[in-house]
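Report on the structure given below.
The values are calculated or read from the model by the stated rules, or taken from the named source; none is laboratory data. Model, not experiment: these values are computed from the prediction. Note that each Cβ is placed from the backbone with ideal geometry, even for glycine, and that neighbours are counted across all protein chains shown. Calculation scope for accessible area: heavy atoms of the full protein, side chains included, ligands and nucleic acids excluded. Shrake-Rupley method; radii C 1.70, N 1.55, O 1.52, S 1.80 Å.
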Amino acid sequence: MTDITDREPLLASEENDKTAADSSDITDLTTSTEVSSSSQVIWQFDDAVSRVGVGRYQYVLWFFLSLVSMSCGFNNMSMVFEGGQGGHVCATLGNTTSTDNHTILYFPGKCTYNTSTIYSNGSTHDFTSIECTKWVYNRSVFNSTVNYEWDLTCNKEYLIDLASTIYMLGFFTGCIILGDLADRFGRRLLLLIAALLTLAASLGAAYSPDYELFVALRFFIGMGVAGTRNSAYILAAEFARPKDRGLLGLLSDNTYSIAYILTGVIFYLDPNWRRFQLYIALSHILYLTYVFFMPESPRWLMMRGKTKQAMNYFRTSARINKKHLPSDVKIVLNIAQHQSHSTLDLFKTPNLRKLGVVCLLLWFMISLEYFGMSYNVGNLQGSIYVNNAILGAVELVANFLAIWVIKIGRRRAILLSFFIATLSMLAICFAQGSYWATIILAMLGKFVVSPGFSFIYISTTELYPTQTRTLALGTGSGLARLAGAVAAFVPSTVPVWEIMPYIIFSAAGAVGFLAALFLPETMNRSLPDSLESAERMNIVTCHSVLPPCRRRKKHQVLEEPNDGEDNS
């Protein structure tokens, strides 16, 4: 296909220019417009992005937006260490207590302690089991954690997992509410609001006087992290050309993986949960230093009719990137303005309904696997710090390699991820008792699941239109956090059956694989800009695992005319 930079610009008549809605250089159109004679140059939106919107300016924006994912990495993994358990026994008065006529011996356990009373004549004794009210903790691995401080042990041990669940519920809420607000009021504004919310809630959590306030603030931390993560992700995607979006999504996930590793490193160097929470809170100040200077998405601006601000973005890009932007250029986008949408609109038409079901299944299953494997690190043999670092490093390497894997197509990359993860989790069920086999298989599962999460992020971003893109990503990501809330309790199934977590992960992978067979391919195609175009472009049908034949590919993707597609 001819490169878009080689295409001749369209020309519009002077009469058409005079009848424009305003005198701005950008026009939003419901249909593609070509006028034969004119003195004004007209570019399609994607043409404009490729001509002047790729260069040093975007590289700087993409780098800073990718750093926002570090907040998600820190907070997602924080309870693995803040709620860490190094072992405990009941606190007693000592080994023995004596009076004139008897001696009491104490035999402390984890949740109860036994006493044996021996009388002075030595002839009789009583044996009693008493529930603990205080505990002595093994602080060799974790010096200070929330369960040490508030005695979240024995019959209160579930409260540790509950804190992770509440965080995920907050993330879910943030995805739905803040995702809708980002589509209504802009990605940049919601990125700023969410960053402030996360900073305030994180600082409050670091100084919480009790567990109840701490877990309540965890909910708002989850909301804020959801808003920053999704707004930054969408903003970066809407700055990019179609062929760059996959790379940008994986760049964002690499910074997440770096935070994943640093979480364990920081807690190892300073194993105090309050100071650790404070470090996470202060990291959010970094985002506030540059969010104020971040431009709004030009695609969103055009959708909302803010044409002058959108043109300012392209002028700034042209100046910094040293690209030529004609003074009389007009940029057009095939979209109707000022339309409000709700989550129900994502399921409004037949293809979108089927697409919604497929995407939600993918989000739920990949999240159940990913967070389940992450939270299950404490059940692996060896040091939790070493295992966490290895898992994070594996994830980082996997996301780098995924830059090439994603070139085989979004759908096939997702299928490959689910397939290998399912096999590795099943294999662990037969490798119990072998330390190295279990570790290697767990690493393999994490190796493929992490980029699988990235592939689903990228695919969802490309499947849905500008009007509902953040809402769609928020809905999927929100459901993923519900799966994460369930995943927080998966490691607790080990006492029921040692291999139960891996059976759950295997089942999730199998369901995800089957759902991915129905996913439309989106690689190298333009983003849809309306629900109608999304309905036409996304044909949901069962696809072959192997590269599709030409006949199937013809029916798989229906392109809109004049949408500025870049298949280079």
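Miscellaneous remarks
- Hits in region 207-243 - residues which are open to solvent by less than 50 Å² (accessible area, probe 1.4 Å) and either over 25 Å from Ser454 (Cα atoms) or in contact with a Pro (Cβ under 7 Å, 6 or more places away or on another chain) (or both): Ser208, Tyr211, Phe214, Val215, Ala216, Leu217
- Residue match in region 527-536 (condition: surrounded by 23 or more Cβ atoms within 10 Å (Cβ to Cβ), aliphatic (A, V, I, L, M), at pLDDT below 90 and part of a helix (DSSP H, G or I)): yes
- Region 375-425 - residue that is part of a loop (DSSP other than H, G, I, E, B), farther than 19 Å from Ser78 by Cβ and of a type outside the set (S, T, N, Q) and, of those, farthest from the chain's Cα centre (by Cα): Gly382
- Unique residue being basic (Lys, Arg), in contact (Cβ under 8 Å) with a residue 24 or more places away in the chain and more than 30 Å from Ser297 (Cα to Cα) when the list is Arg139, Arg188: Arg139
- Against the list (1) farther than 13 Å from Met373 by Cα; (2) crowded, with 23+ Cβ neighbours inside 10 Å, the condition Ala508 fails is (1).
- Taken as a whole, the structure leaves Tyr370 outside the set of residues that are hydroxyl-bearing (Ser, Thr, Tyr) and farther than 28 Å from Pro242 by Cα.
- Phe371 meets the conditions (1) touching a Phe, Trp or Tyr at 6+ places or on another chain (Cβ under 9 Å); (2) crowded, with 24+ Cβ neighbours inside 10 Å in every case but one. The failed one is (1).
- Among the residues of region 451-469, not a single one is more than 22 Å from Leu355 (Cα to Cα), in contact (Cβ under 8 Å) with a residue 12 or more places away in the chain and within 12 Å of the chain's Cα centre (by Cα).
- Selection of region 182-201 for residues being of a type in the set (D, E, K, R) and open to solvent by 40 Å² or more (accessible area, probe 1.4 Å) yields Arg184, Arg188.
- Of all residues in region 438-462, those that are farther than 16 Å from Leu248 by Cα, among the aliphatic types (A, V, I, L, M) and either touching a helix residue (DSSP H, G or I) at 6+ places or on another chain (Cβ under 6 Å) or surrounded by 24 or more Cβ atoms within 10 Å (Cβ to Cβ) (or both) total 6.
Residues checked against (1) closer than 29 Å to Val511 by Cβ; (2) touching a strand residue (DSSP E or B) at 6+ places or on another chain (Cβ under 6 Å); (3) touching a residue at least 60 places away in the same chain (Cβ under 8 Å); (4) aliphatic (A, V, I, L, M):
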{"site": "Gly305", "(1), (2), (3), (4)": "no, no, yes, no"}
{"site": "Asn321", "(1), (2), (3), (4)": "no, no, yes, no"}
{"site": "Phe347", "(1), (2), (3), (4)": "yes, no, no, no"}
{"site": "Cys359", "(1), (2), (3), (4)": "yes, no, yes, no"}
{"site": "Val386", "(1), (2), (3), (4)": "no, no, no, yes"}
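- The set of residues in region 511-534 being under 23 Å from Phe371 (Cα atoms) and of a type outside the set (A, V, I, L, M, F, W, C) consists of Gly512 alone.
- Where helices (runs of 4 or more DSSP H) sit wholly within region 248-327, those with at least 2 residues that are open to solvent by 30 Å² or more (accessible area, probe 1.4 Å) occupy 273-291, 307-321.
- Residues located in region 408-437, provided they are open to solvent by less than 10 Å² (accessible area, probe 1.4 Å), without any contact (Cβ under 8 Å) to a residue 60 or more places away in the chain and among the hydrophobic types (A, V, I, L, M, F, W, C): Ala413
- Among (1) over 19 Å from Arg229 (Cα atoms); (2) assigned to a helix (DSSP H, G or I) - the single one Ile458 does not satisfy: (1)
- The residues of region 54-76 that are among the hydroxyl-bearing types (Ser, Thr, Tyr) and without any contact (Cβ under 8 Å) to a residue 40 or more places away in the chain amount to a single one, Tyr59.
- The condition (being free of Cβ contacts under 8 Å to residues at least 60 places away in the same chain, closer than 30 Å to Ala232 by Cβ and either out of contact with any strand residue (DSSP E or B) (no Cβ under 6 Å at 6 or more places or on another chain) or surrounded by 17 or more Cβ atoms within 10 Å (Cβ to Cβ) (or both)) is satisfied by just one residue among Gly179, Gly204: Gly204.
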